[in-house]
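K.L.:
The following block contains the structure, expressed as structure tokens.
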Amino acid sequence: MRTKHLIPNHAAGLTYAGAYSAREDYDYGGGGGAGGGDPFEGFPDAVLGLIVSKLPFRSAVAASAISRRWRGAVAAAPALDLDFAAAFPAAPRRRAAFAAAAAAALGRSPHHPLRRLRLALEGLFDQAFAASAADHLASWLAAAAARGVERLELHLPRSRLAVLPLSLFACTSLTSLTLRFDHYALPLPSLSPLTRLSRLHLASISLTGDDDFFEDLFSHCTELRYLILEQCGIGALRLTGPSRLGLLAITDCSWTQKSSVAVSEMPELRTLHYSGAMATRHIIDGDISLDEVLLAIEDPQAKHREASLRELLTLVGNARSILLSPWCIEQFARPEEWSKVRLDKVRRLACIIERREEGALSIAPLLSDCPNVEELSVSVVPSQCKRRRCSDDGECHGVLGGKRVMMKHLKGVRMEYIDESKSGFELVKLLLKNAPTLEMMTIVPSMDGLEQAKFRRRVLQLRKTSRNASIRFCTTG
């Protein structure tokens, strides 16, 4: 069997290959130097395991048929990706074969450490095999715990038998845990035994129960640095320290009618990613200084509460790098006094705007509140909505008036899919006129051919305040 395509170009493997090929007295398989043996016979198990860990699970199992020396290579792999849907077609005998191969890969070599394990079991919990699949899952996690697994990613399909086994909590060496469930109806149990957790990613999990899951989590998992909540159902998110949490990501989560986000005593929190729906209330206590913020909240259907939005905008105002969605840009441009947040610390600003009349110029009031911004990125997305951004009371915000915008520290600008409309061209003109230290402006036009050439000619004719400013046009983003 040809094995060249199975062996990645890894430094460790090449080192051993070079060492053994340089030995004149090395006998391949006892053939007296005839060259008819297995050239990998003298490789340590760790090297063979490292090779097969780079392969999909199906190819890694197939590698065991190369020779007798390769039979135990999968069991020595430091990383395993057990994806049933990708490894075998959905057939009963293939489920049994997958279970046998997974058991052999996890349980035969307990003395080999396991760094990373991914279990994606979509299609395995089906009909008569569901009960057996639950037993296999419990035994696999027990074997992973015995091998000291450090990073675990578990994907469970929708099934009444697809539940978290108790053997998961025996994996006390875990530093990273990802749980992705499909309509998991049971409440999530406490993760208090996993005291070494540094990264926790919960996806498609209901967290609307009465028990305070997060209070228990932070009281026991004191080393937690990264918390990611993706498409979860949440009632109350109370993050109370003291804690070492550095990143909080809330992505496309659904909230109950009376939901809240409370953050207190998180002195090391530096990164906040908040996208999708917004909670009803936001309560921020303590001194929190953010470095990076992604605020891509959608326009809520219900009337948002000004007190909650005030707390959220005040928290964002401390950041050094901000990415804002169109609705969030509108909130910063509202005329109310409470919404006027000073963004003196912002150095990198990224804005996503909608293509509509005066859409590009909607960021001008935001720029006036960011006097120290050094890098600016503007990306335009198509929109079929009304042509002009307006608030619920019919007043239009976000249009530059008589207020002067001066960006003394702006050095780099990137504008993607800007067109020749009045708002797009006026924004380019505004930046070139009010950025005395500008060094590079990169423009990705949304037009082709003659229209793009016409837009380029108009831009190059604009007056530039900075003598060192260069304008570069790209065809793709």
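K.L.:
Could you tell me which residue of segment 314-327 is modelled with the lowest pLDDT, considering only residues that are under 21 Å from Met407 (Cα atoms) and in contact with a helix residue (DSSP H, G or I) (Cβ under 9 Å, 6 or more places away or on another chain)?
P.N.:
Among residues in segment 314-327 that are under 21 Å from Met407 (Cα atoms) and in contact with a helix residue (DSSP H, G or I) (Cβ under 9 Å, 6 or more places away or on another chain), the one modelled with the lowest pLDDT is Val316.
K.L.:
Can you confirm whether segment 26-47 contains a residue that is within 26 Å of Glu153 (Cα to Cα), under 36 Å from the mean Cα position of the chain (by Cα) and modelled with pLDDT of 75 or more?
P.N.:
Checking segment 26-47: at least one residue is within 26 Å of Glu153 (Cα to Cα), under 36 Å from the mean Cα position of the chain (by Cα) and modelled with pLDDT of 75 or more.
K.L.:
Within segment 143-170, how many residues turn out to be buried (at least 18 other Cβ atoms within 10 Å of the Cβ) and assigned to a helix (DSSP H, G or I)?
P.N.:
Total satisfying the criteria: 4.
K.L.:
Are any residues in segment 73-89 modelled with pLDDT under 75 and surrounded by fewer than 18 Cβ atoms within 10 Å (Cβ to Cβ), and if so, which ones?
P.N.:
Pro89
K.L.:
Turning to a different aspect of this structure: Within the group Glu292, Glu337, Glu311, which residue is of a type in the set (Asp, Glu) and either under 24 Å from Leu197 (Cβ atoms) or modelled with pLDDT of 80 or more (or both)?
P.N.:
Glu292
K.L.:
Looking for whichever is among the hydrophobic types (A, V, I, L, M, F, W, C), at pLDDT below 90 and within 22 Å of the chain's Cα centre (by Cα) here; the options are Ile234, Ile228, Ile250. Which one fits?
P.N.:
Ile234
K.L.:
When segment 406-459 is examined, which residues are found to be free of Cβ contacts under 8 Å to residues at least 24 places away in the same chain and in contact with a strand residue (DSSP E or B) (Cβ under 7 Å, 6 or more places away or on another chain)?
P.N.:
Gln452, Arg456
The values are calculated or read from the model by the stated rules, or taken from the named source; none is laboratory data. Predicted, not measured: the structure shown is a model, and the values here were computed from it. When we count neighbours, we look across all protein chains shown, and the Cβ atoms used for this are built from the backbone with ideal geometry, even at glycine.
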